Amino acid sequence: MLHFIEQALTSFVASAAFGIIFNAPRRMLLHGGFVGMIGWIIYIVLEYAADAVPATLAATIAVGVISQAFARMFRAPVIIFSVAGIIPLVPGGLAYNAMRSFVQNDYSAAMEMAAKALMLSGAIAVGLVLSEVLNQMIRRIPASIRTRSSLK
Amino acid sequence: MIGSNPTEQSRVIAICLLAGKIMLQSGGETYRVEDTMKRMAAALGLPHSHSYVVPTGIFFSVDATEPAKLIRISERTTDLDKVSEVNSVSRRIGQGELSAQEAHDLLVQIEGKSSSYSTAVQLAAAALSSGCFTIMFGGGWSDFLPALICGGIGYAAVIAFHRLVRVKFFAELTASFVIGILAFLLIYMGVGHERDKIIIGSVMPLVPGLLITNAVRDLMAGHLVSGLSKGAEAFLTAFAIGTGIAVVFSLFT
């Protein structure tokens, strides 16, 4: 439990700090931190149970959906929230380990980790697009119901 | 109607180009820049505009008889505040709250705006996030302080070298080299335990996370040229970071 509190706290601070590096509007820093924290918690919980790839996918979808909702609520571009949420999920550690193995002439381990890093980047990509498609669907359904009822 | 008057028309074009330029230079996604420019043009009386945006330039045309306008973008940074401000100007034009002149004045003001955080605050943020990332990636609290130091100095190095040489690749390579050296040095001095965790946390502020995300979203939105060129930029940055660290490893192990 202490581990989770520690992870939640650090991911919140890290994501909010990234907002400062990217010069996000001051009033949006805490929101960015919140999105980053939710994404990271979903990731670490699922990574225990399953694999890193589905965990990343689920976390990215969550980040995407929350970012879209925040964007509409606070009338700001989605990118302000999604960037903060995505950063912790980017497989920087794996890419680093792959690079280190390459340098130490351990090519089989290096290729294995590079392939895994690629898979995780793909999971982030798919997650982002899925959340966007979901958002468009949700937005379109009420509109079509409205036009149908107005025709009657 | 504004679009029928040639001088009014060129003023609207100038406003749209300025808005697009600010957004693209500040890290906005290309499809969003295109969308914003078209919406602004339509709201200001030019409904049939075409906007083609790639990370290095903007092409904008308002009708078949007029020549298209072009803007070259050479410097790109990340400034989400400007993206957000231009977004709100575009929304207010769409709602009819702003005239062309007011929008132009606001955009000029946004373009000249400097970062809302001082360099010291940004360095502190980079240092703090490095420390936190080290914990997130499985490091112990004994590695927090060394990561804080490495991350802060590494980010300062990338800013300093970029001002000095103006080549992004070289600045990133040198900064990650500095981070690697510092991590080895701190471990040698007995500060911190896991060298790998410290390095991974410290390079996170340099990692092109925003670029990767943008590249993929551009690709999926069908903007293949933008997606590929942003992907190439992201790959170059990742390669620079990796090389810097790799040099340190080949020197010390």
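What follows is calculated from the coordinates using simple rules that are stated; it is not laboratory data. Note that this is a predicted model, so its numbers are computed, not measured. Note that each Cβ is placed from the backbone with ideal geometry, even for glycine, and that neighbours are counted across all protein chains shown.
Counts of other chain beta carbons within 10 angstrom of each beta carbon in peptide B:215-221 average 4. Per-residue Karplus couplings for the stretch A:75-83, computed as 6.51 cos²θ - 1.76 cosθ + 1.60 with θ equal to phi - 60°, are listed in order as 6, 9, x, 4, 4, 4, 8, 5, 4 Hz, Gly and Pro entered as x.
Other protein chain C-beta atoms within 10 Å of residue C-beta, averaged over A:76-86: 5.
The overall shape of the stretch B:1-111, judged from the alpha-carbon gyration tensor, is oblate: a/c is not under 1.5, and a/b is no greater than b/c. The phi torsions of the stretch B:155-164, fed into the Karplus equation with coefficients 6.51, -1.76 and 1.60 and a -60° offset, translate into couplings of 5, 4, 5, 5, 5, 5, 5, 5, 5, 6 Hz, rounded to whole numbers, with Gly and Pro shown as x.
Anything over 27 Å Cα to Cα? Flag those among A:116/B:230; B:21/B:197; A:116/B:82; B:82/B:197, in the order listed. Provide the component values of the computation, followed by the final result.
Values: A:116/B:230 21 Å; B:21/B:197 39 Å; A:116/B:82 35 Å; B:82/B:197 34 Å.
B:21/B:197; A:116/B:82; B:82/B:197, as the Cα separations exceed 27 Å there.
Of B:29, B:172, B:66, which is the most mobile in a GNM of chain B whose springs link Cα atoms less than 10 angstrom apart? Largest GNM mean-square fluctuation: B:66.
In units of the rule-of-thumb radius 2.2 N^0.38 Å, chain B shows an alpha carbon radius of gyration of 1.22.
With the Cα gyration tensor of the stretch A:17-152 giving a ≥ b ≥ c as the square roots of its eigenvalues, does the rule (a/c under 1.5 for rounded; else a/b larger than b/c for prolate; else oblate) give rounded, prolate or oblate? Note, shape of the stretch A:17-152 comes out prolate.
Once a ≥ b ≥ c are taken as the square roots of the eigenvalues of the Cα gyration tensor of the stretch B:57-182, is the result rounded (a/c under 1.5), prolate (a/b larger than b/c) or oblate (a/b not larger than b/c)? Numbers along the way, then the final one.
Working: a/c = 3.15, a/b = 2.09, b/c = 1.51.
The shape class here is prolate.
Here the 3J(HN,Hα) profile of the stretch B:123-134, calculated from phi with Karplus coefficients 6.51, -1.76 and 1.60 at θ = phi - 60°, is 5, 4, 5, 4, 5, 4, 5, 4, x, 5, 5, 4 Hz, Gly and Pro shown as x. In this structure, the amide hydrogen of residue B:69, modeled 1.01 Å from its nitrogen in the peptide plane, lies closer than 5 angstrom to those of B:60, B:61, counting only residues at least 5 positions away or on a different chain. Remark on residue B:46: its backbone amide H falls under 5 Å from none of the residues 5 or more positions apart or on other chains, H modelled at 1.01 Å from N.
Please report, to one decimal in angstroms, the Kirkwood hydrodynamic radius of the stretch B:166-253 built from all distinct Cα-Cα pairs.
Details: mean 1/r = 0.0712 Å⁻¹.
Answer for the stretch B:166-253: a Kirkwood hydrodynamic radius of 14.0 Å.
Across all Cα pairs in the protein assembly as shown, the calculated P(r) in 20 Å bins from zero up to the longest distance comes to 26, 55, 18, 2 percent per bin.
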